[in-house]
Structure formats: structure tokens, C-alpha cells
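The block underneath contains the structure these notes are about, expressed in C-alpha cells.
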Amino acid sequence: MLLDLVTDHLITWMILVPGVSALALLTTEAFGGLPRLAWRVVGLASATANLALGVLLYATFDPTRTGFQRVDYVPWIPDYGIHYYVGVDGISLPLVLLTVFLVPIVLVACSRQIEHAPRAFVFVALLLESYLLGAFTSLNLFQFYLYAEGLLVPTYLMIGVWGAAGRIQASLKLFVLTALGSVLLLLAMLTVAQLGYLQTGVLTFDLVTPPWGPARGLVELELPMEGPWWQTQHGLFAAFALAFAIKVPLVPFHAWLPDAQVEAPTAGSVLVAALLLEIGAYGFLRFALPLFPEAALLWTPGILTLCVVGIVYGSLLACAQTDLKRIVAYTAIVQLGFAVLGIFAQNLQGLNGSVLQLASHGLAIGGLFLLVGMLDARRGTRELAALGGIARAMPSYAFFLVLVALSGVGVPFLAGFVGEFLILLGAFRASPWHASFATLGFLLAALYTIRMLSRVLFGPAEDTENRKLIDLDWREKGVLIAICLPLVGIGLYPSPLLRRIEPSVSDLLQQIEIRQQRVLLREEPAVPEAAPAAEQGP
Amino acid sequence: MVSETPTPDTLLRWIPLLPFAAALLHGISSGIVRRAVPRWLVWGLSCSAAVLAFALSLLGFFRLLARGEGERVLVDTAYTWIGAGIGDSRLAVDLGLRLDPLAAVLLLVVTGIAALVHVHAVAYLEADTRDDRGYQRCFGYLDLLLGSMCVLLLADNLALCFLGWEGVAIGGWLLAGFWYGDREHVRGGAELFVASRIGDVAFLVGTGLLFTAPLAAGLPASLLFADLEASLPALESLVLPAPLGLLGESWRRVDVIALCFLVAVCSRLAQLPLSFWLRAAEGTPAPAAALLLTPSLAGSGVYLVCRLAFLFQAAPAVQAALAWIGALGALVGALVAAAQQDARRVLVFSAMSQQGYLLLALGCGAFVAALFHVVVLAVALAALFLIVGSVLLALQQESRLDRMGDLGRRLPGTHAAAVLVVGVLIGVPGGSVFFSRGSVLTASFGSELLGRDWLYGIALFTTALTAFGLGRLHLLIFSGGSRVPFVLREGVRDAPPLMLWPVYGLAIFAVFGGLFGIPQSFANLGSGQLEASHSLANFLGAALPPAPRGPGDAVELWLAVYATLAAAGGFAAAAALYRGSPQTAARLAEAVPSLQRMLAARLHLDVPLEHLVVRPWVFVVERVLGSGLERRVLGEWLVGGAARLLYAGVQAGLRRLHAGLAHGYVFFMIAGTVAVIGYLLR
């Protein structure tokens, strides 16, 4: 009976478990409060329970079906078309799994290092998990907006409370850029709903048609291409794209990220880089492309160019940094640039690769930030100049750092390669010249990674501090093993994930293509073969 | 080639799997568990993996032999590695292995050398006490390198091949930086990795441009070598729009692809301008260098060109470039090697020079000759690396040639091997290099490339230079008066048998290996009138394009005579200069000081790199981008400006609206959560 209740509303439970335990812990404060340890245990237990639910979700996910599974639909403010509407498909599944996987890891790895307000830390981490899951599974535009923007609250807290010295300025930067994006997103969203109302007579924010009720999904609308600019697809797409570009972030909207990452505590860096950023890429995939495919067609070359510029620019800057954490922060920009490149290649290889890339990027960057945090906690500095020769004192650390860093470089048999390889193949189909420049990212990745590894791990340990460091203990090793196992696993055998990603992606692609084809036919009736035309490049 | 019927055989997967498993165990043990493992267990595991891989390769080879021509293909598909897309655009990359004669030959060589090198390393690492904490690490790296090489050779598609390709680069990086406490070695390893990455990127671009070619031919997208070859006719008609109208309106796609793979191969064979990583090989432990440099790096490069021979044949301009790069590399390498004072450096640049011949042969379309030469070179150079490694070990890593001399009496075992190997490499008639380099010279003489006379001339001159350089190396080490410092003299001891026997094994193959590739012209010379003498070419059958028509038996024999005379001349010069005392040489060097200095400084090859790449790079990346664009323009002006703008906006009255929104979120979130809970619990 209870089990049925869980399995029938699995997604809802996954959103609720961390959220409710966070709130429950908070309420105990009113009755005298629990000790630190109890908070940690409850927090970890609830995150682990959620991981178990995630495994259940994965196991019961039907890879042969397209469309959304595990749908829950509850009218909330029906007059305005705002509903509680969640479900997963192959695109959100890897992200959901990544979320439930990383949060317990972060709790295990980081909660001991947090000295200031450790209870609040558990609370914020759980809240973040709940919001993230909500954002990745929302099928109602307004609900997504609430979750995605609500996420920023725990993020500000994370950076503002536990951050380093420059945290206030960093969170201000974060606030300025994200606020700009969210205002745009809100306005564009309201416009879309209004246009939908004008076309169908039903006001709704549901992205896809719900299981019951009169509303049709917004993706089925054909939004106009002409008219006042704020009501055309172009204007709306631009607003969505800008909002998500800030979240990803694509260069040149990335200014908030490096500072936020450097100032954030390890846990914050991990969660922001591995999960929060992915909301941007996910937004492109879930909302911007299906809602405005015709406009996307026109904007594609521009966005591809932005991605390639971002990949090269981010890599170059990663080469120029001397703070270990800042290097890793710039690699996040590069990796997500690849993911968006794959999305806008708009073919199966590119999209499949992107979704996989999001998952593997989350693992690798999470691992990297954890490793940087472990070194920082021991050595007290992250400056390359002060480090060097660490491998002698910390061989285990060296082993894990090399392994995780190489995944970011795209070394085969590690998860990073599969996604990047597919993305590149997709990009080569869509636009060979963009793709060729994007491969420069591969070269530059080697440069910054080798530079980082050489400066940190190798060379003579000139500073005596570096000779006295203590190697990883088993708790840390356990955490890193937990990260490395899926990294290697996905690299060796990505098919189980790809098989689940693929039907959704190809379904999405089909919808987009049908509508884009119509535009192409209308505009240029002389060119019926769109695919070979795309073959030839930009 | 495509029509061969493959036979499934699960034997193949064990060949790469065994070394990988050993590498994995070593990695877990030395990287995670960190408990001291008995040494016998370490080397026992690695050596048995390497020897078994060799035995299995041998078994596979005999299974191939047992089949008739045209059926010599074994396949083993484990599972779909990367599969994406449906319908026409479906792309499935299998973990598919495929053993055909081309792969089999190189596989035998690589696993064979690896097995011997592993055995050698057991004793070498015991004796080399520079850092004894790396025993298990070194074996782990060696196994990683070997496993990657096996995957590269056995892969039936480009993606899996790339996996091996990258693995070789990683293995090389780890091995070159093995003594990571030394900044020079770390830097060398980094250079190796970056150079290799340049090749990797080229490889990836080539792959990306290739993989849609089957679509144009009406086949599903694919990365299988067989499919790619089948779609060549369609590929030849494809073009790429030229960026900014450079060099015409559009480029032939096949040219661009071949150019990409050319870059990849150059980085592997240490040819200009991607030879800057050669320093890396100097810091690699001797057994590792023996396996890494020619068998793995050069072997993989030659293999790739042979595997994609159809592409290069369709792009004659690129092929010609291949030949010229090779010839220049051979010349430059030999020149530089002739003037170095460091034994390791002589060795490394000699290897570069020899590998230049490989590209020359490939460029002339003589794929079989290139394969033959790489097999021979891999063995001979590996032996030479081990020999020099033993010498340096006896001298406690003193590598300056002017502190050696007269070691022949002190190291008789090593000396005997050195005589054999150096003799073979110089090109003593009957040795394997005599035949293999002979076929390269013949191919360059008979080719129809632009400036083929020059190509042949350079190649012939380099033969003399090589004989001079290697003769010099040998004489300075083993003969003349002893210049070994007193502190080291006591410790000079010959290598233990465990180190010597693998070297003898390699040396013996280097002497007799040529028998597998005796050119037809020599066979016709004998009374037997052998029907088919070139057993390597016959075994390869249709796996490689047939050799271009030679210039005729008589001419070929004359070419062999010229080559022998050139080599003899080079060696005689070395003997005249260095046999007695090195004073003659010093006087000669004084006579032309600028040349001597230029050669000793490696022809200043690093200078353009430093001035054209490294310095501008540092300036652009750190100044222009790092502190200028990123911090000043983006950070302060744009974001700072936006902040000010927003602040002004808030002041102007937006405050209420925005604050309302922000409160709204929180309210909605909490209210929504409560509502949902209420619904679920009703």
C-alpha cells in the first residue's frame, strides 16, 4: 500500500524526500533542536534514500517508450494554467540520476569541513537537491521557472554564508547576471502563454499536453514568425536563449561563474558546476528548441559560433589561471560549451552526445572540485606557484586527480570521451568548420590539464610543506571511487544510458525537424533536400 | 580487401585485455590500496600478461596463416560501445576487433618486443636505483602502453583505433614523466602529450569529416574501415567550402582528410615540425623508451597510414608531402645525431632520422616497404635503446660521450649485442636494414613524385650520415681510450643475463629478420629463381596496396650497391675520426665551428617554436585575454556596468516590482509544497 504510493508518484517523492526532511529538520529547531550529528545523519539518510529512489526510477524506466514517464499532474492554479506537472524522459533521466548521486557524495565529502553553521549547510544542500529535481522534471513552464529561480536562493546562501573572502562581490555578480536572465525568461514565458491563449482559448503553461484536461501543450503551438518582435518566435527565442546562455554560461555571459566558483565552498562549487549549470543546457534542450524550432533554425549558426568561441576562449583562459579552482571553473565553461554545441548541431549524434556529456561532465567536474577542495583543506592554498611535487607525498591523490582530469580531456574509456566524441560527430555533420574549430578545444584541454597536473603533482617538491602532506584517507578514497566508477563505467559501456536517452532525443528531433522542414519548404521551395544542404557546411 | 569473409574468433579480445587487466591491477594497487606488494608478484603479473599477449598474437597469426589467401581475417565483436541514432543516420561503434595480415604483422612485433622489454625491465628497474618507489608504477604504465597498442592495431573502426591512439599518448606521457621529481622530464612528458594531442585533434577532425562519407555513398554512417574504404568513390566527389575563399572556392574533402591524418602521423613519427617532443624520449626509462619510441609511436603512425592507404592514394598531393617531410626529417635527424655529445640524444635523433625513411616510403606509395622497414626498425632500435640503457646504467646515468670510451672490454656482453645491432642499422649487407632500407631507397628512386631525384639523393646521403652517426656512437662508447671518470670506473659492470638475453633476442631478429622481406630482385639473382621471395608481401596479400612497379632488377641491385658504398663511406669516416682518439674529431670541429655549434644545438629547431608559438602564446593568453579582456572588459566594464544599470533601474522604481517577484517565489514554493503534500495525503 505504502510502496504503491511511492512507486505511483516516484518523481514527486523524489522531490519531496529531501525537501520535507529539510523542513522537518528545520521544525525540530523550534522544539530545542537536534545535535549536529543528527542533522548530518538525517540529511545523509534522506539523500541516500533519494538515491535509492533514483535507482528504482532507472530500473523501472522503459527505454522503448518515447514521451514522458512517471507523470504526476495536479492542478494547482488552474485559472492561470499553472499546474504541478512532473515526469521524466530520456533527457531528464540522466540529470535526475546525477543529482541524486552527487548530493549524498557531497554530504559525505564536505559536511565535516563545514565548521560554521553545519546544520544550515545540511538544510541548504537538501533544499538544493529538492529544487534541482523539481527543475529537471517540471513539465509546466511556470513551475520550472519557480524551481529554477528558487534554486538561486540556496545557491546565494551557499556562496554567501560559507564562501571565501570575496563572497559578497561574487554573489552580487551572480545575482546581477541571473536576475537579468530571469526577468527576460519570465516575460518571454508570459508572452508564450498569452499567445497560446489567443490561439487555443485555454491559458496554460504546460509544456506538453497533460494526461487530462482541456489544455494542449505549448510545444504544439505554432508561434508566429511575424508581428511585433516581442511576440514573434525570434524575440521569444532570443529571450529564452539569453536567459539560458547566462545560466550555462556561454561566453560572453560567463563573468559570474569563475568568481562564484572560486569563492564558493567545495560543496557549493561541486553543486553549482555539476548540477546548477546543467539547468541552462537542459533549458535549451527542453524549452528553447521545441518551443521555437523555426526561430532556432535561424539562430543556430550564431549559437554554434558562440559555443566554439566559448570553448576556445574558456580553454585559453584556463591556461592563464594560477588558482587551481579557477582553472577548474573555466573548464566547466568549456565542457558546457561542448554540450550546447551538440544541442545546436540538431542531429541525433549531437543531441545524444550532449545529454551524455551533461552527465559525465557533472561527474568529472564534481570530482575535480572535490579533489581541489581536499588539497586546499590540507595545504591551505590553491596557487600553482606554491604547489608542486605533491605526487610524492600523496600518490593516491595523484592517481585520482590524473584519472578525473583525463576524463575532462576526453580520453577514451572515460566518460568524457563518449559524449564529446558524439558531439563532435554531430557537429561535423551540421557544420564542419564549426566542428573543426571546436576540436581545438581538445588540444587546449590537453594544454591546461597537463599544465595543471605538471605544476601540482610533478616536479621537485621545493616547499617542505608539500613534502609533509598526508595522503587521502579511506573516506575520501571512497568518495572518489564512487565518482570514478561511473566515469569509467560510462566510458566503457555507455549503451544502457544511450539506449534510454535516444528515443526521447529522436522524438524531439523529429518534432523539430518537421516544423523546420516546413519553414524551409515555404521559404525556398527549390531546395527540398535540407539534409544534404546542411552537409555542406555553413 | 573488402570482400574477404571474416571468421569470428574470441581469441582476439584477450590480447589487449590481458595487459589492460595487469595495468588496472597495478593502478588499483599502487594508486588506491597503497600496500607494499612483493616485487615478484608485480613483475610476474606484468610479464605473464605481456608474454601471454605475445603467445596469443602468435596463435592468431598461425590461425591466419592456416587460411587461404582472401580469407585471412579474424573478427571479434564484444558489444556496441557507442551507438547513437536510428535509421539512416544511425551510427554504431562496436568494440570490434579485427585481425588481418597487416594488423597481425605489427601485433607480433609489438607484443614480441613488449614481452622482451618486460623481462629486461625486471632486472633494469632492480638495478636503476634513482627512485625505487616506481617499480609497480613502471610496469603499470608499460602494460597500459602495450594494451593501448594492441587495441589500436586490432580495432576495426576509427573510434576504437582512436582509443588505442590516445592510450599510447597517455602511456607515453606517463612513461616520459616517470621520474617526475625532475622538472626536465616532466616538461618532456608534457611536450610529448601536447604534440600527440595536436595529432589527436587532426585525427578527430579527419574522423569527423570521414564519417559522413558513407552517407554520400548511400550507405549508413559508419566508422568501420571497410565501409570507409567502400565509400571512397563517393568521398572523392565531396568538397568542403573553402573558408574565406582561400585557395580556390572549395577544397576536395579527401585532400583535407588526408592532410589531417598526415599531421597525426607526423606527430607520431617525430617528424618536422612536430618533432619538438623528442626531448621526452631522453628522460624515459630505457626499457620504456625501447617500447615507446619506435614500436609504439612510429608503429602506430605507419599502421594508420597503411590502414587508410586508400585515402592517401586518392590524395596524391598529400602523399608527396609525406615523402618530402620524411626525407627532410631523415636528413635533419641524422645531421643532428652526428654532432650530439649526449648518448641518449644521439639515439633519439637517430631514431627520428630512421623514421623519416618510413614516411618517405609511405609517400612513394611503397606501403609494404614502409611496413617492412618499421618492423625491422622497431626491433633494431628497441635493441639499441636497451643497449645504451645498459651502458648508462653501468655508468650511473652518465650520458656524455666524452666520459665514456673503451667500455668494450668492461662490458663484453653489451658490446657484442651492440656490434650486431649497430652493424645491422648501418646497413651491413645481409642484415635486415640492408633489405628494408634498400626497398625504401628503391621505392624513392622509382617513384614519380616531384623532385624524386632529390628525394633519392637525400635518402642516400642520409644513409651515409646514419652510418657515420651510429659508428661514432659505437666507437665513442666502446673503443678508444677510456675517458670514464675515476669515481665511476669501479662500478662499471656488465648487465646481468636477465637484461642481456632480451637484447640478444632482439639483435638476432634484427640480423635475420630481413629474410622475410628479401626483394624479388635478390631472389632472382640466386640460382633458385624463387617464384615468390618476399614472404612478408605475400602474407600481406591484398591487405595493402601492391608496391609500385620497381625500376627493374639490374637497377635495384645497383641501388643496393650504392647504398652499401654510402654506408661504408660513412662508417669509414667515423672510424677515421673517432677510432684512435677523439682529437682528430675535435680538430675537425674547430675547423668548422659554426656548423658544429649549429648541429650541436639541434639546428636551432626550437627557436622558431619559442619565438613564434610559446612567447606570443604567453602574451596573448595571459595579458590580452586573462588580464585584459576577461578581467577588465568583461568583469569590470560589462558586468560592473550592468550592475550599475540595474541599480539605477531599481532606484527608478523597479524596486517594488522586483522585490515583489522575489518574495513571490518563496511564497509560491512553500505554498506549492504544502499544497502537494496535502493532495498526496488526502
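The values are calculated or read from the model by the stated rules, or taken from the named source; none is laboratory data. The model shown is predicted, which means the values in this text are computed figures rather than measured ones. Reconstructed Cβ throughout: ideal geometry from the backbone, glycine too, with neighbour counts over all protein chains shown.
Give B:36, B:66, B:23 a once-over and let me know the one that is within 14 Å of another protein chain (Cβ to nearest Cβ) and free of Cβ contacts under 8 Å to residues at least 40 places away in the same chain.
None of the other options fit; the residue is B:36.
Of the residues A:396, A:407, which is surrounded by fewer than 24 Cβ atoms within 10 Å (Cβ to Cβ) and not β-branched (Val, Ile, Thr)?
Matching residue, one of A:396, A:407: A:396.
Output yes when any residue across the range A:285-298 is farther than 16 Å from residue A:248 by Cβ and touching a Pro at 6+ places or on another chain (Cβ under 9 Å), and no when none is.
The answer is no, given that none of the residues of the range A:285-298 is farther than 16 Å from residue A:248 by Cβ and touching a Pro at 6+ places or on another chain (Cβ under 9 Å).
Identify, please: which residue in the range A:498-515 is more than 11 Å from every other protein chain (Cβ to nearest Cβ) and surrounded by 19 or more Cβ atoms within 10 Å (Cβ to Cβ) and is, among those, farthest from the chain's Cα centre (by Cα)?
That would be A:512.
What helices (runs of 4 or more DSSP H) lie completely within the range B:450-560 and have 2 or more residues being in contact (Cβ under 8 Å) with a residue 40 or more places away in the chain, polar (S, T, N, Q) and buried (at least 19 other Cβ atoms within 10 Å of the Cβ)?
B:452-478
Pairs, please: C-beta under 8 Å, at least 6 apart or cross-chain, first residue of a type in the set (Asp, Glu) and in the range B:265-284, second part of a helix (DSSP H, G or I)?
Final answer for the pair search is B:282/B:188; B:282/B:344; B:282/B:345; B:282/B:348.
Would you point out which residue out of A:228, A:224, A:214 is more than 14 Å from chain B (Cβ to nearest Cβ), out of contact with any strand residue (DSSP E or B) (no Cβ under 7 Å at 6 or more places or on another chain), closer than 19 Å to residue A:516 by Cα and modelled with pLDDT under 85?
A:224
Where the second residue is in a helix (DSSP H, G or I) and the first is β-branched (Val, Ile, Thr) and lies in the range A:509-521, which pairs have Cβ atoms under 7 Å and are six or more apart or on separate chains?
Partner pairs satisfying both residue conditions: A:512/A:289; A:512/A:290; A:512/A:293; A:519/A:294; A:519/A:297.
Anything in the range A:71-82 that is out of contact with any Ser or Thr (no Cβ under 8 Å at 6 or more places or on another chain) and either in a helix (DSSP H, G or I) or buried (at least 21 other Cβ atoms within 10 Å of the Cβ) (or both)? List them, or say none.
Within the range A:71-82, A:78, A:79, A:80, A:82 meet the criteria.
Against the condition farther than 28 Å from residue B:369 by Cα and surrounded by 24 or more Cβ atoms within 10 Å (Cβ to Cβ), how does residue B:123 come out, does it pass?
In short, no.
Could you figure out which of (1) over 19 Å from residue A:420 (Cα atoms); (2) under 27 Å from the mean Cα position of the chain (by Cα) isn't true of residue B:222?
(1)
Can you find a residue that is under 25 Å from residue A:52 (Cβ atoms) and either without any contact (Cβ under 8 Å) to a residue 40 or more places away in the chain or assigned to a loop (DSSP other than H, G, I, E, B) (or both) anywhere in the range A:95-104?
no
Could you check how many residues of the range A:393-411 are within 9 Å of chain B (Cβ to nearest Cβ) and in contact with a Lys or Arg (Cβ under 7 Å, 6 or more places away or on another chain)?
2
Mind telling me which of the residues B:565, B:559, B:530, B:577 ends up being out of contact with any His (no Cβ under 6 Å at 6 or more places or on another chain), among the hydrophobic types (A, V, I, L, M, F, W, C) and at pLDDT below 80?
B:530
From the list B:146, B:108, B:153, pick out the single residue that is at pLDDT 90 or above, surrounded by fewer than 24 Cβ atoms within 10 Å (Cβ to Cβ) and more than 11 Å from every other protein chain (Cβ to nearest Cβ).
After ruling out the rest, the residue left standing is B:108.
Can you run down the residue pairs with Cβ atoms below 7 Å, 6 or more apart or on separate chains, where the first is in the range B:410-435 and in contact (Cβ under 8 Å) with a residue 60 or more places away in the chain and closer than 20 Å to residue B:563 by Cβ and the partner is in a loop (DSSP other than H, G, I, E, B) and among the hydroxyl-bearing types (Ser, Thr, Tyr)?
none
I need the full set of residues from the range A:436-470 which are at the interface with chain B (Cβ under 7 Å from one of its Cβ atoms) and outside any helix (DSSP H, G or I), in order please.
Hits for the range A:436-470 are A:458, A:459, A:460.
Take the residues in the range A:471-481 that are surrounded by 18 or more Cβ atoms within 10 Å (Cβ to Cβ) and not acidic (Asp, Glu), then tell me which one is farthest from residue A:393 (Cα to Cα).
For the range A:471-481, the residue satisfying everything is A:479.
Looking at B:172, B:167, B:177, which is the one that is more than 10 Å from chain A (Cβ to nearest Cβ), crowded, with 24+ Cβ neighbours inside 10 Å and among the small types (Gly, Ala, Ser)?
Among B:172, B:167, B:177, only B:172 is more than 10 Å from chain A (Cβ to nearest Cβ), crowded, with 24+ Cβ neighbours inside 10 Å and among the small types (Gly, Ala, Ser).
So is residue A:103 more than 14 Å from every other protein chain (Cβ to nearest Cβ) and not acidic (Asp, Glu) or not?
yes
Where in the range B:183-274 are there helices (runs of 4 or more DSSP H), lying wholly inside it, with at least 2 residues that are modelled with pLDDT of 90 or more and crowded, with 24+ Cβ neighbours inside 10 Å?
In the range B:183-274, the matching helices (runs of 4 or more DSSP H) lie at B:183-210, B:253-268.
Of all residues in the range A:412-435, how many are in a helix (DSSP H, G or I), within 18 Å of residue B:94 (Cβ to Cβ), facing chain B (nearest Cβ under 7 Å) and out of contact with any strand residue (DSSP E or B) (no Cβ under 6 Å at 6 or more places or on another chain)?
So the count comes out to 2.
Matching residues to (1) modelled with pLDDT of 90 or more; (2) at positive phi; (3) buried (at least 19 other Cβ atoms within 10 Å of the Cβ); (4) part of a helix (DSSP H, G or I):
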| position | (1), (2), (3), (4) |
| --- | --- |
| B:36 | no, no, no, no |
| B:43 | yes, no, yes, yes |
| B:48 | yes, no, no, yes |
| B:55 | yes, no, no, yes |
| B:81 | no, no, yes, no |
| B:92 | no, no, no, no |
| B:97 | yes, no, yes, no |
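Which one of these does residue A:66 not meet: (1) within 14 Å of another protein chain (Cβ to nearest Cβ); (2) part of a helix (DSSP H, G or I)?
(2)
So which residues in the range A:70-96 are of a type outside the set (Gly, Ala, Ser) and within 21 Å of the chain's Cα centre (by Cα), if there are any at all?
Hits for the range A:70-96 are A:85, A:86, A:88, A:89, A:91, A:93, A:94, A:95, A:96.
Yes/no matrix, rows are residues, columns are (1) within 12 Å of chain B (Cβ to nearest Cβ); (2) among the hydrophobic types (A, V, I, L, M, F, W, C); (3) under 18 Å from residue A:136 (Cβ atoms):
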{"site": "A:6", "(1), (2), (3)": "yes, yes, no"}
{"site": "A:23", "(1), (2), (3)": "yes, yes, no"}
{"site": "A:35", "(1), (2), (3)": "no, no, no"}
{"site": "A:44", "(1), (2), (3)": "no, yes, no"}
{"site": "A:47", "(1), (2), (3)": "no, yes, yes"}
{"site": "A:51", "(1), (2), (3)": "no, yes, yes"}
{"site": "A:56", "(1), (2), (3)": "no, yes, yes"}
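Could you tell me how many of the residues in the range A:135-174 are more than 15 Å from residue A:268 (Cβ to Cβ), within 12 Å of chain B (Cβ to nearest Cβ) and not in a helix (DSSP H, G or I)?
Residues that pass the stated criteria total 2.
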